[in-house]
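Report on the structure given below.
The values are calculated or read from the model by the stated rules, or taken from the named source; none is laboratory data. Here the structure is a predicted model, which means the values were calculated and not measured. Cβ coordinates were reconstructed from backbone atoms using ideal geometry, including for glycine residues, and neighbour counts include every protein chain displayed.
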Amino acid sequence: QVQLVESGGGLVQAGGSLRLSCAASGRTSSNVAMGWFLQAPGKEREFVASITRSADSTYYADSVKGRFTISRDNAKNTVYLQMNSLKPEDTAVYYCAATFRSIVTRVQDVGYWGQGTQVTVSS
């Protein structure tokens, strides 16, 4: 069992920045790959970024490359998503995700979800 708790969402102006955090807990939390997905109103949940268990590789959706950075602190069992140059199109609920796979890039690969944190970017 893995529990994920997100924080850091909020309302920002276009061009601004936010840093999302996801704290993982549970017996095997240090052995999971983690990532972020988003879901906009009326849309399917989709991949944003992910990081491997060892933090040696990262993956990003094309829409966020060069703007978002995912990282993790295994000592704190926490994954972060630094979001810069935010656009109104980034507005969505962002969900932390974890899997026992080496990497997670698909909704179907996710074993555990956080509760979601709202990110709203105003124009």
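Some values worked out for this structure:
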item	result
In the stretch 102-122, residue farthest from residue 60 (Cα to Cα) [restricted to those that are in contact with a Cys (Cβ under 9 Å, 6 or more places away or on another chain) and in a loop (DSSP other than H, G, I, E, B)]	115
Near pairs, Cβ below 6 angstrom, 6+ apart or cross-chain, from the stretch 77-95 (among the aromatic types (Phe, Trp, Tyr)) to any residue that is not in a strand (DSSP E or B)	95/114; 95/116
The stretch 33-89: number of residues that are assigned to a strand (DSSP E or B), modelled with pLDDT under 95 and farther than 24 Å from residue 100 by Cβ	0
Members of the stretch 81-103 that are buried (at least 19 other Cβ atoms within 10 Å of the Cβ) and either over 18 Å from residue 117 (Cβ atoms) or of a type in the set (Phe, Trp, Tyr) (or both)	94, 95, 99
Test result for residue 11, farther than 13 Å from residue 97 by Cβ and assigned to a loop (DSSP other than H, G, I, E, B)	no
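Listed here are the residues, each with its yes/no results for (1) more than 18 Å from residue 87 (Cβ to Cβ); (2) in contact with an Asp or Glu (Cβ under 9 Å, 6 or more places away or on another chain); (3) not hydroxyl-bearing (Ser, Thr, Tyr).
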| position | (1), (2), (3) |
| --- | --- |
| 24 | yes, no, yes |
| 37 | no, yes, yes |
| 40 | no, yes, yes |
| 44 | yes, no, yes |
| 54 | yes, no, no |
| 57 | yes, no, no |
| 65 | no, no, yes |
| 75 | yes, no, yes |
